[in-house]
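Contents: one structure, followed by commentary.
The values are calculated or read from the model by the stated rules, or taken from the named source; none is laboratory data. Because the structure is a prediction, the values reported are computed rather than measured. Just the protein is used for accessible areas: all its heavy atoms, side chains included, with ligands, DNA and RNA removed. Shrake-Rupley method; radii C 1.70, N 1.55, O 1.52, S 1.80 Å.
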Amino acid sequence: MKQVTVKIGNIDTVVTVVDSKSKKQILTANDIEMDTRAEKAVQAALQKAKICNKPVARYDTTSKTVTLR
């Protein structure tokens, strides 16, 4: 778990990033369910884009570049 400061508009916001190991200790059951639904929604959107032959942007964290696939 680590905290990251993110600027949203003119407001600095502290966001807590939770790794998968400590997920069950920190998050509530509702938070875990919401995360699961969000992950499935992203997977469905990626699958739909693939079926419709639409490009999908991917971010490479090592080279810090964006590519279209």
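Within straight-line reach of residue 54, meaning a Cα separation under 20 Å, sit the following lysines at least 8 residues removed in sequence or on another chain: 40. For the chain, the solvent-accessible area works out to 92 Å² per residue, with a probe of 1.4 Å and every protein chain left in place. Phi-derived couplings, Karplus 6.51 cos²θ - 1.76 cosθ + 1.60 at θ = phi - 60°, listed residue by residue for the range 59-69: 9, 9, 6, 6, 8, 6, 10, 10, 10, 9, 10 Hz, with x used for Gly and Pro.
The HN-Hα couplings worked out from phi for the range 14-23 by the Karplus form 6.51 cos²θ - 1.76 cosθ + 1.60 (θ = phi - 60°) are 8, 10, 9, 9, 9, 7, 5, 5, 9, 4 Hz, whole numbers, x standing for Gly and Pro. Here the extension length gained between residue 21 and residue 59 equals 11.3 nm, from 0.36 nm per residue of separation less the Cα-Cα distance.
What a 1.4 Å probe finds exposed on the chain is 56% carbon and sulfur by accessible area, rounded to a whole percent. In percent, rounded to a whole number, the relative contact order of the chain is 15, using alpha-carbon pairs under 8 Å and six or more apart. The overall shape of the chain, judged from the alpha-carbon gyration tensor, is oblate: a/c is not under 1.5, and a/b is no greater than b/c. Axis of helix 29-51 versus longest Cα principal axis of the chain: the two differ by about 10°, to the nearest ten degrees.
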